[in-house]
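Just below is one structure, and these are the notes that go with it.
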Amino acid sequence: MSSRTLLRWLLLVQALAALGIGAAGMHWLGMNGWQAAALGLGSVALVRLLINTNNFLMAARAASPTPPDYRVTPGAALKMLWEEFSTSMLMTSWHMPRARAHTRIHPGSTAPPVLLVHGYGCNSGYWAHLAPRLDAARISHATLDLEPLTGDIDGYAARIEEAAQQLRAQAGAAQLIVVAHSMGGLAARAWMRTHGVERVARLITLGTPHHGTCLAAFGLGINAGQMRRMGVAGPECAWLNALAGGEAPEVRARIVSLYSHHDNIIAPQTSSELPGARNLALGGVGHVALGRNPRVLAMVMGEIEAVRSDRAATAAAHHHH
């Protein structure tokens, strides 16, 4: 089953629950239609909010210490919870159930094309907020859907290779940039291990559990098992160790790992720190919100622009010689 189909089923279940609760409100509490609708929808939203809040609490139990510079006030923490909850609702109820992988080519663009790789349980709809920014900057890009949903992360490499080849061919580019969220970053590293790094100008990972996450213990599937980590100081699983073991320094030098010290799915949060990569930390952003938060999106666009200007400088230097 695709994540789009699964999310549509979950939406149906939530709608039926809301209707049932609303009907009960009318029947037992004598509510009118509006009140019943508010009770039904409010109950479903409350359950979703409690799940989100619980994720933050579970992540806090396995959290790495937050450096003083990144600590948040209670007000900022509430704002972060609201951003994470509203983004989760928007992604799972609107963008992802309607998602179709797409490719957008901007002829004559000077930036390398960008391949967008989503994370666990998500699909191409996750990039609904970054894609318009790429369009505005006239940067060619493509999204893809990693399937099966609970498959082996190594198995996603072939899908990424196919999408990467198509995008490079259509954009007429020798290299591309990969932007990957969460598990997508591990899938991209697994792809680079199999298919090499010559064609990758940069891999930008957002909230990727490079050293696993304690919360993967609650996930289903082979891929969740591959991201498992026991305890804050505990060992990473064998799959992650093998992935790290085969990576040369020049591979790590192409990776930018962007992560939040308040990630509510990746715990310990410093699991996203990859030795040899450029690690960019921020605070006050949740896991799903990394794909929508304006500060994060601006940082991603900045990294893409940096590749573009590096290339322009290199080309100019060659030209002078």
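Tabulated results
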quantity	calculated
Residue selected from region 131-166 under the condition under 21 Å from Ser88 (Cα atoms) and among the polar types (S, T, N, Q), by the criterion least open to solvent (accessible area, probe 1.4 Å)	Thr143
Residue, surrounded by the most Cβ atoms within 10 Å (Cβ to Cβ), within region 77-130, restricted to residues that are part of a strand (DSSP E or B) and not polar (S, T, N, Q)	Val117
Pair list, Cβ under 6 Å, 6 or more apart: region 197-223 residue part of a strand (DSSP E or B), other residue acidic (Asp, Glu) and modelled with pLDDT of 95 or more	Ile204/Glu303
Matching residues, region 6-28, being open to solvent by 60 Å² or more (accessible area, probe 1.4 Å), closer than 13 Å to Pro97 by Cβ and without any contact (Cβ under 8 Å) to a residue 60 or more places away in the chain	Trp9, Leu12, Val13
Residue within region 239-262 that is out of contact with any helix residue (DSSP H, G or I) (no Cβ under 8 Å at 6 or more places or on another chain), outside any loop (DSSP other than H, G, I, E, B) and basic (Lys, Arg) present	yes
Subset of region 131-156 that is of a type in the set (A, V, I, L, M, F, W, C) and in a helix (DSSP H, G or I) - its residue that is farthest from the chain's Cα centre (by Cα)	Ala136
Condition broken by Val44, with the remaining ones in (1) at pLDDT below 95; (2) in a helix (DSSP H, G or I); (3) not hydroxyl-bearing (Ser, Thr, Tyr) satisfied	(1)
Filter result for the condition that a residue is within 18 Å of the chain's Cα centre (by Cα), over 23 Å from Ser3 (Cα atoms) and open to solvent by less than 10 Å² (accessible area, probe 1.4 Å), over Leu203, Leu176	Leu203
Scan of region 187-200 for residues that are within 17 Å of Glu236 (Cβ to Cβ) and either over 13 Å from the mean Cα position of the chain (by Cα) or open to solvent by 10 Å² or more (accessible area, probe 1.4 Å) (or both), ordered by number	Arg189, Ala190, Arg193
Subset of region 64-77 [out of contact with any Ser or Thr (no Cβ under 6 Å at 6 or more places or on another chain) and within 30 Å of Ala233 (Cβ to Cβ)]	Pro65, Thr66, Pro67, Pro68, Asp69, Tyr70, Arg71, Val72, Thr73, Pro74, Ala76, Ala77
Only one of Gln269, Gln226 that is surrounded by 18 or more Cβ atoms within 10 Å (Cβ to Cβ), touching a residue at least 60 places away in the same chain (Cβ under 8 Å) and farther than 19 Å from Asn55 by Cα	Gln226
Subset tally (residues that are part of a helix (DSSP H, G or I) and either touching a strand residue (DSSP E or B) at 6+ places or on another chain (Cβ under 7 Å) or not β-branched (Val, Ile, Thr) (or both)) for region 273-295	5
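One line per residue, one yes/no per condition, for (1) free of Cβ contacts under 8 Å to residues at least 40 places away in the same chain; (2) open to solvent by less than 50 Å² (accessible area, probe 1.4 Å); (3) under 15 Å from the mean Cα position of the chain (by Cα):
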site	(1), (2), (3)
Ala248	yes, yes, no
Ala253	yes, no, no
Tyr259	no, yes, yes
Leu290	no, yes, yes
Ala298	yes, no, no
Ala312	no, no, no
Ala315	yes, no, no
His320	yes, no, no
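The values are calculated or read from the model by the stated rules, or taken from the named source; none is laboratory data. Quantities reported herein were computed from a predicted structural model and do not represent experimental measurements. All Cβ positions, even for glycine, are placed from backbone atoms using ideal geometry, and neighbour counts span all protein chains on display. Quick note on the areas: whole protein, heavy atoms, side chains included, nothing else; ligands and nucleic acids left out. Shrake-Rupley method; radii C 1.70, N 1.55, O 1.52, S 1.80 Å.
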